[in-house]
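Asker: Sharing a structure with you now.
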Amino acid sequence: MDVVLLTSHHTLTGQGESPGAIMQALGPGAIQELVYGIPKGSLVVPRYRAIPFGDLLEREIVANGSVLINSYHQHRNLADSSAWIHLLGELTTPAYSIQDVPQLPEGAWFVKGETNSLKNRWRDACYSPTTKDLGAVINSFQNDTFLGNQRVVIKPFIHFRQLKRGSGERIFSLSGQPIWNERRVFILDGQVLSEGFYWTTFEGEASAYSMEKLNPDEFIKTLTGAIARVRHLARFMVIDLAELPGGEWRVIELNDGSMSGLSGNNPVTLWTNFLKVANGQVPNYPTQP
Ligand SMILES: Nc1ncnc2c1ncn2[C@@H]1O[C@H](COP(=O)(O)OP(=O)(O)O)[C@@H](O)[C@H]1O
Ligand SMILES: [Mg+2]
């Protein structure tokens, strides 16, 4: 089956993704800008192109004789964290709703919407240092023009393993967010296609040691456990994971692979393995994830 990315060169390069790498992996016709340019019978990946009209896009693709890699229903399964948090259980951080706030114990909290956070507004709309501050942080989140309508999710703030400079100094983003050792894994039909370091913008500053997996077996254990529990939700997904100071890993979030940026994933590895798995073959994994 031919795999076609519904996207544009402009969108791809704007997202830091190289059209050349995709065409090298999938073939010269792999990028189509318009639905009616897609050959019938294709498997379509709407690369950064399904929001906000994913349901209409699905109808149009099907009417044109092709199929989306994730149905709109599968896309929603990944986008709404309430569809998967309970499946992951201890492999991820618990989540509470606004109704739970009066019962929450004292502590620090991480506030986000059902799909996205306002991590770039870390101090006023994402991080709550104490339970008393939660009301103000939730209020700031809800006043956001773009994300404010998303259902609010409140998670205990976890001190994952923070990236450090060679000097030992811990790394924070400009907005004050601590930058953890995190990785992004692309998965199709429950098989790992590629994985890479998540915070590529901090790669130059961080010491190599702080970006390593302290215990690679722990990473594999959490990753394989998570895949087994959520693979039925959709065909193409990313799983982001962060490392705890002791070397265990926890899932940060799931997302639709179609609209997830590469982070440190190699695009040729990703799309070559995508084609293999889509055609029922075993992916080439150059090294263990
Ligand atoms: N419970 C948590 N405690 C501490 N940091 C967190 C927590 N959840 C997420 N983070 C950090 O915040 C970032 C953004 O959170 P995430 O849930 O991935 O939202 P977004 O959808 O905006 O990417 C993560 O990449 C991670 O670094
Ligand atoms: Mg995220």
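The values are calculated or read from the model by the stated rules, or taken from the named source; none is laboratory data. Computed from a predicted model, the values in this text were never measured in an experiment. Glycine gets a Cβ as well: all are built from the backbone with ideal geometry, and neighbour counts include every protein chain shown.
Asker: Could you list, in sequence order, all residues of the stretch 168-203 that are more than 15 Å from ligand 1 (Cβ to nearest atom) and not charged (D, E, K, R)?
Answerer: The answer is G168, F186, I187, L188, G190, Q191, V192, L193, S194.
This table checks each residue for (1) surrounded by fewer than 18 Cβ atoms within 10 Å (Cβ to Cβ); (2) away from ligand 2 (no atom under 16 Å from the Cβ); (3) within 14 Å of Q177 (Cβ to Cβ).
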{"residue": "Q74", "(1), (2), (3)": "no, yes, no"}
{"residue": "A79", "(1), (2), (3)": "no, no, no"}
{"residue": "W84", "(1), (2), (3)": "no, no, no"}
{"residue": "L87", "(1), (2), (3)": "yes, yes, no"}
{"residue": "V111", "(1), (2), (3)": "no, no, yes"}
{"residue": "T115", "(1), (2), (3)": "no, no, no"}
{"residue": "K119", "(1), (2), (3)": "yes, no, yes"}
{"residue": "C126", "(1), (2), (3)": "no, no, yes"}
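Asker: Here's another thing I want to ask about it. Only one of (1) under 23 Å from L241 (Cβ atoms); (2) of a type outside the set (A, V, I, L, M, F, W, C); (3) within 14 Å of ligand 1 (Cβ to nearest atom) is not met by R165, so which one is it?
Answerer: So the condition that R165 fails would be (3).
Asker: Take G89 and tell me if it is under 30 Å from Q142 (Cβ atoms), small (G, A, S) and not assigned by TED's automatic domain parsing to the domain that holds F186.
Answerer: In short, yes.
Asker: Could you look through the stretch 159-202, keep only residues that are under 25 Å from K276 (Cβ atoms) and of a type in the set (K, R), and pick out the one that is farthest from the chain's Cα centre (by Cα)?
Answerer: The selected residue is R183.
Asker: For the stretch 1-82, give me every one of the helices (runs of 4 or more DSSP H) that falls completely inside it and has 3 or more residues that are over 22 Å from L147 (Cβ atoms).
Answerer: Where helices (runs of 4 or more DSSP H) fall fully within the stretch 1-82 and carry at least 3 residues being over 22 Å from L147 (Cβ atoms), they are 9-14, 19-26, 54-63.
Asker: On to the next question. Looking only at the stretch 113-136, count every residue that is of a type outside the set (V, I, T), modelled with pLDDT of 95 or more and farther than 21 Å from S173 by Cβ and tell me the total.
Answerer: Counting residues in the stretch 113-136 that are of a type outside the set (V, I, T), modelled with pLDDT of 95 or more and farther than 21 Å from S173 by Cβ gives 3.
Asker: I've got another one for you. Filter the stretch 96-120 for residues that are touching a residue at least 24 places away in the same chain (Cβ under 8 Å) and more than 10 Å from ligand 1 (Cβ to nearest atom) and give the result.
Answerer: Once the filter is applied, which keeps residues that are touching a residue at least 24 places away in the same chain (Cβ under 8 Å) and more than 10 Å from ligand 1 (Cβ to nearest atom), the stretch 96-120 yields Y96, S97, I98, D100, V101, L104, P105, E106, G107.
Asker: Still on this model: Assigned to a loop (DSSP other than H, G, I, E, B), of a type in the set (S, T, Y) and within 16 Å of ligand 2 (Cβ to nearest atom) - does that describe any residue in the stretch 198-205?
Answerer: yes
Asker: May I ask you to list the residues in the stretch 39-68 that are closer than 25 Å to G16 by Cβ, surrounded by 12 or more Cβ atoms within 10 Å (Cβ to Cβ) and free of Cβ contacts under 8 Å to residues at least 12 places away in the same chain?
Answerer: Of everything in the stretch 39-68, just one residue is closer than 25 Å to G16 by Cβ, surrounded by 12 or more Cβ atoms within 10 Å (Cβ to Cβ) and free of Cβ contacts under 8 Å to residues at least 12 places away in the same chain, namely F53.
Asker: If you take the residues of the stretch 176-197 that are among the acidic types (D, E) and within 16 Å of ligand 2 (Cβ to nearest atom), which of them is surrounded by the most Cβ atoms within 10 Å (Cβ to Cβ)?
Answerer: Within the stretch 176-197, the match that is surrounded by the most Cβ atoms within 10 Å (Cβ to Cβ) is E195.
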